[in-house]
Amino acid sequence: MDSSDIKSIQNAQKAKNRKRILKRIWQLKWIYLLMVLPGLAVIIIFRYLPLPGIALAWKKFTPTFGAKGLYSYLSSSKSVGWKHFRSLWREAEFWTATKNTFVISLLKLVFGFPFPVILAILINEMTLKRYKKTIQTIYTFPHFLSWVVVSGMVLNLFGDTGAVKSVLTSINPNWTSNWNFLYNSKSFRPLLVVSDIWKEGGWGTILYLAAIAGIDPSLHEAAIVDGANRFQRIIRITLPEITSLIIIMLILQIGNMMNANFDQIFNLYSPPVFDVGDVIDTYIYRKTFQSSTALDYGFSTAVGLFKNVINFVLLISANRIAKIFGHDGIM
Amino acid sequence: MKKVLALILAACMILGLAGCTQPATPDAGTTPAAQEDTKKDEPAPADDTKEAAPADDTKEAAPADDTKEEEPAATSEYDTHVTISMDVLDAEKTNISAKDEFFRNKFNIDWDLYPVTWGDWLEKIRAWVNADDMPDIVWWDMKAANTAEFKQWAAAGAFREIPEDLSRWPNLQRLRDELVSDDALLSVDGHLYGWPSSRQNPPELDNCYYPMFAYRRDWAKAVGMYKEGDVYTWDEVKAMIDAIKAQDPGGNGVGNTIGITMESWAWEQYQLVTINSPNPDRLGYHKDENGNYRLYEATDEFADAIEFAQSLYQGGYVWKDQINDSGNDGFQKFLAGQAFMFLGNDSPAWFNGDVLNKMVRGGIVPDDEAVAPMIVLSECGDHNFYLIQSEDYWTVASISHNVDDEKFERILDMWDWLASEEGRIFLVAGVEGKDYTKNADGTYNILWEKDETGAYISPYQDMAFNIYTPATLTASPNETSVQYGYKLFEPIYDYMANSGNFVSQKMPWEVMAWNGPEYSEYGYFYSDISTEISKIMVSDVDAHEEWAKFRESIADKLKAVEDELNANLK
């Protein structure tokens, strides 16, 4: 056997190994991992690649023209130290927006978070299958409407020429003599919470319904044999079985508290309710794009960075607290 | 099977991701161009004060048919075909007519249109320019207040310089000689980087802008409160609105007729306040009696005007949902006969376009006398009629630094031709042989169809806002006899010229052109002021007290700007 024979045997062996590996990948369903790639690419492109841009928080943004390179603007933008952060602390509007972000998120957490859990349990308890599916579809449908559409519906319902006012006027004109529902600081936050629950509550049930479907039926069968009624089974079996999921969702929502839903608020708010409705995201948008003076990406980046740092701290804290109470958490 | 599906799905997602990457040039056909546009700050094509050659109406007009007739083809003197990208409003209506084809053939070009809407125009321009991802022609609704930003871009090399020697383009040179803004706002170190689209205003307008009212004259007559000449005080206007709500001449139901609606920008720019502000100088920074620059909006006089505007809103004279109108609902309400008055850019061109085409020809109003422009005298101060001087242009176009010499010269050739008399005829009448023919004596035969009143019906739409706008706005289309709006404005112009009550608030060019750091950062606090005025008008608060609080909140920043202006411009 000469060296060329040995080489060809080695090559054949290598090809065989490669085939075996591919076969093994195919058999072991690793192929499904390929589906992660696009998501991974999205995260890398839109989440990690822009990260160097955070440096703008310490710079005065100056555009560059004709320069090559993804981050050429960083070298052309002069450093201004902590100027943007100092400006931030002095801006009363920023603190109003920060407070509003917390308050609105908290309201949504308190009133909005339990809603899908309760709704999922109620839907699960329905016995008529067709009715159950219809109800689920009705509740889920609003999720697929954009906030532009939903806000249009809200304006048409509650505006000055809207249906609600027309009906109330026909009953008693005095009730609507100074109609100001959409531009009233007192009614704006409840409007946000209710419309958010209406739009997203049904969609939120999907995860919980899936978790409920995964509960071992023998638990319920045993409880029925022991004489437990429906309510007792919900309290003693269903809820404890989905607690882990509830905790995970709670942690995620707490970690997202500084995002108070830009789309919703931007489409519904107006200057008279800025004092209760302007959140950090809308504040950044106004300062960045709607300013009459030259835009300052540096300042906007500083605000965004501040927001995300708070979000990060909240996420870690919520996770730690969950662990202290004996739950798994997300990390 | 599942595995195969997973593979296909993953491949599709990766391909989809690749599809999200930026193409060499965006495809106007696939971008969401068909968004609802609203006419914001619409330019007012000027009256043509020159005697125009009368159209020969006696000859039989041939029907204009885009599809059946053989189009007169333009021959191009250019050998090389170029594609020019440009942002445009109403992209879906642009570059589709025979007229556009003629223009493309003439200059041997294709257009690559970047759609913008009134709502996202400034945002998109800012994003494109700052990311160095701009179209060849960057066309935007640049105001004097945007000067600092423009100069920052120009100084950093965003745009190509418009040559100082325009002898090759004599029509552009003529416009440069007439304009003030080119040197005052659009030049950096003596080099011009933006081309202003001249308004070509008639002298009697004194370069003022038209934020004024249109009203239902027929309703005013129906309630017996019409005044010859269409000049009213606010007390008379309020009495009319009350009477119209009660007597319901429009058939909307008692109490349902809206008093005043307006363009969304008119609310945002607090026009209801400014038209009642008695300051003879332009709003913004002006010199006080000591020669110091002061922000007029920070005065008690201005607070009086806010208080009055608030009383109109609170009194139910202004449409309550106007504050939330980011589109053109205000105009739609007026158009639909639900509102008595409409505040906007109600110029002769607007009457010729929207009112004539939609309300008169659309049968919404009984005759062409039913809607008219109106003067409402200021409630504050000396009860005069105020209009604010504006820039002498509407919109600015700059040419990207990425454009090569050949394309650059082609663009200037196009603009020069559009600014010529031949170009003006093209803009107002279209293509020779298809839309009009010339007589030996220099007059024109317009070949368009006529309506029942004998007025020509243009087969072209939105001529003011498209690929041709950057060169210059056009003078009035006398050749096509669209005189409706101009006739309506005759008494208005007469009042402005002869009553002694018309005041044009002057444009302080020196402040507008200033580029100091404090002024660049804060300007005249337009966004803050607009927000605060909205808050006050909608709330039942003491306007003076709230305005004083607001002034206090911006006091430090305002002082910094005023100090800067006084140190440098006084």
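The values are calculated or read from the model by the stated rules, or taken from the named source; none is laboratory data. Quick caveat: nothing in here was measured; it's all calculated off a predicted structure. Backbone-built Cβ (ideal geometry, glycine too); neighbour counts: all protein chains shown.
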Tell me, please, whether a residue that is touching a Phe, Trp or Tyr at 6+ places or on another chain (Cβ under 6 Å) and under 23 Å from residue B:283 (Cβ atoms) can be found in the range B:190-202.
yes
Out of A:145, A:119, A:107, sole residue that is more than 14 Å from chain B (Cβ to nearest Cβ) and buried (at least 18 other Cβ atoms within 10 Å of the Cβ)
A:119
Give the range A:261-294 a look and list any residue that's free of Cβ contacts under 8 Å to residues at least 12 places away in the same chain and either away from every other protein chain (no Cβ under 14 Å) or not aromatic (Phe, Trp, Tyr) (or both), or say none.
A:271, A:286, A:290, A:291, A:292, A:293, A:294
Determine if the range A:38-50 includes at least one residue that is closer than 30 Å to residue B:151 by Cβ and out of contact with any Asp or Glu (no Cβ under 8 Å at 6 or more places or on another chain).
yes
Residue within the range A:23-30 that is touching a Gly at 6+ places or on another chain (Cβ under 9 Å) and either within 14 Å of chain B (Cβ to nearest Cβ) or closer than 21 Å to residue A:303 by Cα (or both) present
no
Test: residue in the range B:482-505 that is crowded, with 22+ Cβ neighbours inside 10 Å, over 30 Å from residue B:91 (Cα atoms), at pLDDT below 85 and within 27 Å of the chain's Cα centre (by Cα):
yes
In the range B:84-107, what count of residues is obtained for those that are more than 18 Å from residue B:427 (Cα to Cα) and either touching a Phe, Trp or Tyr at 6+ places or on another chain (Cβ under 9 Å) or aromatic (Phe, Trp, Tyr) (or both)?
4
Under the condition of being under 28 Å from residue B:521 (Cβ atoms) and exposed (fewer than 13 other Cβ atoms within 10 Å of the Cβ), which residue from the range A:35-66 is nearest to the other protein chains (Cβ to nearest Cβ)?
A:66
Tell me, please, whether a residue that is hydroxyl-bearing (Ser, Thr, Tyr), more than 22 Å from residue A:276 (Cβ to Cβ), assigned to a helix (DSSP H, G or I) and within 27 Å of the chain's Cα centre (by Cα) can be found in the range A:73-81.
no
Per-region count, the range B:523-559, residues touching a helix residue (DSSP H, G or I) at 6+ places or on another chain (Cβ under 6 Å), of a type in the set (D, E, K, R), buried (at least 16 other Cβ atoms within 10 Å of the Cβ) and in contact (Cβ under 8 Å) with a residue 12 or more places away in the chain:
3
When residue B:465 is run through (1) at pLDDT 70 or above; (2) among the aromatic types (Phe, Trp, Tyr); (3) crowded, with 20+ Cβ neighbours inside 10 Å, the failure sits at (1)
Verdict on residue B:516 being small (Gly, Ala, Ser), facing another protein chain (nearest Cβ under 10 Å) and within 18 Å of residue B:146 (Cα to Cα)
no
Quick check: anything in the range B:560-570 surrounded by fewer than 14 Cβ atoms within 10 Å (Cβ to Cβ) and within 30 Å of residue B:203 (Cα to Cα)?
yes
Considering only residues that are under 20 Å from residue B:359 (Cα atoms) and in a helix (DSSP H, G or I), look in the range B:214-236 and name the one that is nearest to the chain's Cα centre (by Cα).
B:217
Let me spell it out: the conditions are (1) within 13 Å of another protein chain (Cβ to nearest Cβ); (2) loosely packed, with under 15 Cβ neighbours inside 10 Å; (3) acidic (Asp, Glu), and residue A:216 meets all of them except one. Which number is the exception?
(1)
Can you report the number of residues in the range A:124-183 which are in contact with a Lys or Arg (Cβ under 7 Å, 6 or more places away or on another chain) and charged (D, E, K, R)?
2
Sole exception among (1) touching a residue at least 60 places away in the same chain (Cβ under 8 Å); (2) surrounded by 21 or more Cβ atoms within 10 Å (Cβ to Cβ) for residue B:359, by number
(1)
Flag for residue B:187 being away from chain A (no Cβ under 14 Å) and surrounded by fewer than 21 Cβ atoms within 10 Å (Cβ to Cβ)
yes
Residue hits (the range A:271-298; closer than 16 Å to residue B:532 by Cβ, modelled with pLDDT of 85 or more and either crowded, with 21+ Cβ neighbours inside 10 Å or outside the structural domain of residue A:88 (by TED's automatic domain parsing) (or both)) are A:271, A:272, A:273, A:274, A:277, A:278, A:283
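Among the residues that make up the range B:338-346, is at least one of them within 14 Å of another protein chain (Cβ to nearest Cβ) and modelled with pLDDT under 95?
Looking for residues that are within 14 Å of another protein chain (Cβ to nearest Cβ) and modelled with pLDDT under 95, one finds at least one in the range B:338-346, hence yes.
Please verify whether residue A:32 is surrounded by 11 or more Cβ atoms within 10 Å (Cβ to Cβ) and touching a Pro at 6+ places or on another chain (Cβ under 8 Å), treating the condition exactly as stated.
no
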Regarding the range B:158-175, can at least one residue be identified that is of a type in the set (S, T, N, Q), buried (at least 19 other Cβ atoms within 10 Å of the Cβ), more than 10 Å from chain A (Cβ to nearest Cβ) and outside any loop (DSSP other than H, G, I, E, B)?
yes
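From the list B:529, B:536, pick out the single residue that is assigned to a helix (DSSP H, G or I) and either within 21 Å of residue A:94 (Cβ to Cβ) or outside the structural domain of residue B:300 (by TED's automatic domain parsing) (or both).
Step by step, each of B:529, B:536 is checked, and only B:529 is assigned to a helix (DSSP H, G or I) and either within 21 Å of residue A:94 (Cβ to Cβ) or outside the structural domain of residue B:300 (by TED's automatic domain parsing) (or both).
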Determine which single condition residue B:180 fails, assuming it passes every other condition in (1) surrounded by fewer than 16 Cβ atoms within 10 Å (Cβ to Cβ); (2) within 14 Å of chain A (Cβ to nearest Cβ).
(2)
Can you give me the ranges of the strands (runs of 3 or more DSSP E) entirely in the range B:237-336 with at least 1 residues that are modelled with pLDDT under 90 and either more than 11 Å from chain A (Cβ to nearest Cβ) or in contact with an Asp or Glu (Cβ under 8 Å, 6 or more places away or on another chain) (or both)?
B:285-287
Quick check: is even one residue across the range A:28-38 modelled with pLDDT of 80 or more and in contact with a Cys (Cβ under 9 Å, 6 or more places away or on another chain)?
yes
Taking the condition part of a helix (DSSP H, G or I), farther than 26 Å from residue A:147 by Cα and within 14 Å of chain B (Cβ to nearest Cβ), does residue A:299 pass?
yes
Among residues belonging to the range A:75-89 that are at pLDDT 85 or above and within 13 Å of another protein chain (Cβ to nearest Cβ), point out the one that is surrounded by the most Cβ atoms within 10 Å (Cβ to Cβ).
A:84
Output the residue which, of all residues in the range B:133-157 that are on the phi < 0 side of the Ramachandran plot and part of a loop (DSSP other than H, G, I, E, B), is surrounded by the fewest Cβ atoms within 10 Å (Cβ to Cβ).
B:133
